[in-house]
């Protein structure tokens with residue numbers, strides 16, 4: 001059967017392909033240390049697991065669930081945003097739980113893009129933004145993020161372009177893969193740019209609580225809801241990546257548009273997962289403190305590994321990764337990581353999978369135990 005033409009616009013996700021190669025090497029008996037993918041290896045809190053276990057015995061737990069999620073889940077998200085970001089969000093109309101924020105990228109794109117609409121995408125940035133844009137018939141237009149501008153858009157350069165066909169703009173602060181943060185002043189610049197050019201701005205914000213002293217939400221900017229959506233997730237903050245719990249927040253008008261798509265695509269999130277998510281969102285400060293303790297120790301070791309490879313990095317970057325610049329005269333990123341993989345049995349992500357501006361960089365994941373990082377240091 002001939003496949004749809006839209007499949008010609010995308011390729012299989014890099015990690016899907018590369019991890020097959022890594023698994024093949026492991027099947028041959030190679031002791032591969034995987035530092036490539038950001039899948040938390042830590043467990044959710046005991047209370048979250050207990051809540052999931054207990055909830056599956058509740059009446060109605062195994063029936064279809066609301067497309068909008070449990071009211072208690074939306075209230076927990078609203079409370080979380082108020083407490084952590086000082087952002088007021090109406091749980092009835094301005095929050096839509098998702099099965100992971102990746103689902104939200106597709107739903108938002110389907111809700112707001114017509115064929116030929118242009119979408120501003122960060123380079124480097126999360127590859128799924130481009131893939132989904134292409135799948136729905138949009139036109140991906142990248143904007144440069146560079147180290148010399150602290151991985152923030154150059155609005156002077158962007159304003160000189162024809163933006164009349166641009167419908168959406170994707171941003172991600174704290175930024176993945178670089179770990180760069182944006183100040184409130186910079187977030188306001190993003191909102192002002194979107195308003196001025198009649199663009200729907202979407203901030204993908206799953207890393208605010210990993211090694212970050214100042215969690216921020218773009219929705220804290222006055223008037224942001226008029227032109228801005230924010231995606232968030234429990235995957236990184238609460239070690240629940242496999243649970244697939246995310247959310248999109250914004251104005252009632254924008255949320256209703258996304259709900260039109262979502263309600264035709266799934267039949268609600270499993271009850272037990274929602275109850276566990278509620279428990280996670282109510283976690284006290286000790287949860288975040290303990291999480292940062294673990295990742296701080298791992299990051300210091302990862303810096304040592306980067307040093308041994310001759311790489312440089314920003315010690316002030318946040319999030320779940322260490323973004324490193326390769327030494328002067330090094331091979332191209334993909335050649336470099338392949339050499340390390342086959343010679344040292346260590347898998348690292350090449351910067352190029354996030355865009356052309358990732359050439360000359362590699363990315364280490366902190367989802368690796370201290371023991372494994374120490375072992376990697378000894379191998380190099």
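The values are calculated or read from the model by the stated rules, or taken from the named source; none is laboratory data. Keep in mind that what you see is a predicted model, and the values were worked out from it rather than measured. All Cβ positions, glycine included, derive from the backbone under ideal geometry; neighbour counts span all protein chains shown.
Listed by first and then second residue, the pairs with beta-carbon distance under 6 Å, at least 6 apart or on different chains, first residue in region 340-353 and surrounded by fewer than 20 Cβ atoms within 10 Å (Cβ to Cβ), second part of a strand (DSSP E or B) and modelled with pLDDT of 95 or more, are 340/346. Within region 307-316, the residues that satisfy the criterion of being surrounded by 14 or more Cβ atoms within 10 Å (Cβ to Cβ) and either at pLDDT below 95 or out of contact with any strand residue (DSSP E or B) (no Cβ under 8 Å at 6 or more places or on another chain) (or both) are 307, 310. Pairing residues of region 228-240 that are outside the structural domain of residue 168 (by TED's automatic domain parsing) and at pLDDT below 95 with residues that are in a strand (DSSP E or B) and buried (at least 24 other Cβ atoms within 10 Å of the Cβ), at Cβ distances under 8 Å and at least 6 apart in sequence or on separate chains, gives no pairs at all. Remark: residue 380 matches the filter, which requires a residue to be farther than 26 Å from residue 13 by Cα and either touching a strand residue (DSSP E or B) at 6+ places or on another chain (Cβ under 6 Å) or modelled with pLDDT under 95 (or both). Scoring residue 233 on the criteria (1) under 17 Å from residue 70 (Cβ atoms); (2) under 18 Å from the mean Cα position of the chain (by Cα) leaves a single failure, condition (1).
Which members of region 52-96 meet the condition of being closer than 14 Å to residue 250 by Cβ and surrounded by fewer than 18 Cβ atoms within 10 Å (Cβ to Cβ)? Those that are closer than 14 Å to residue 250 by Cβ and surrounded by fewer than 18 Cβ atoms within 10 Å (Cβ to Cβ): 88, 90, 92, 93. Of the residues making up region 1-46, those that are touching a helix residue (DSSP H, G or I) at 6+ places or on another chain (Cβ under 6 Å), surrounded by 15 or more Cβ atoms within 10 Å (Cβ to Cβ) and not in a loop (DSSP other than H, G, I, E, B) are 9, 14, 33.
Being more than 17 Å from residue 233 (Cβ to Cβ) and part of a helix (DSSP H, G or I) is a condition met by no residue of region 121-129. The single condition among (1) at pLDDT below 95; (2) not assigned by TED's automatic domain parsing to the domain that holds residue 371 that residue 24 does not meet is (2).
So how many residues does region 268-279 have that are farther than 30 Å from residue 168 by Cα and either part of a helix (DSSP H, G or I) or touching a helix residue (DSSP H, G or I) at 6+ places or on another chain (Cβ under 8 Å) (or both)?
Going through region 268-279, the residues farther than 30 Å from residue 168 by Cα turn out to be 270-273, 275-276, 278-279.
Those left that are additionally either part of a helix (DSSP H, G or I) or touching a helix residue (DSSP H, G or I) at 6+ places or on another chain (Cβ under 8 Å) (or both): 271-273, 275-276, 278-279.
Of the residues in that region, 7 qualify.
Taking (1) assigned to a helix (DSSP H, G or I); (2) modelled with pLDDT of 95 or more; (3) under 25 Å from the mean Cα position of the chain (by Cα) in turn, residue 53 satisfies each apart from (3). With surrounded by fewer than 18 Cβ atoms within 10 Å (Cβ to Cβ), under 18 Å from residue 111 (Cα atoms), in contact with a helix residue (DSSP H, G or I) (Cβ under 8 Å, 6 or more places away or on another chain) and touching a residue at least 12 places away in the same chain (Cβ under 8 Å) as the only criterion, which of 247, 265 stands out? Exactly one residue qualifies, and that residue is 265.
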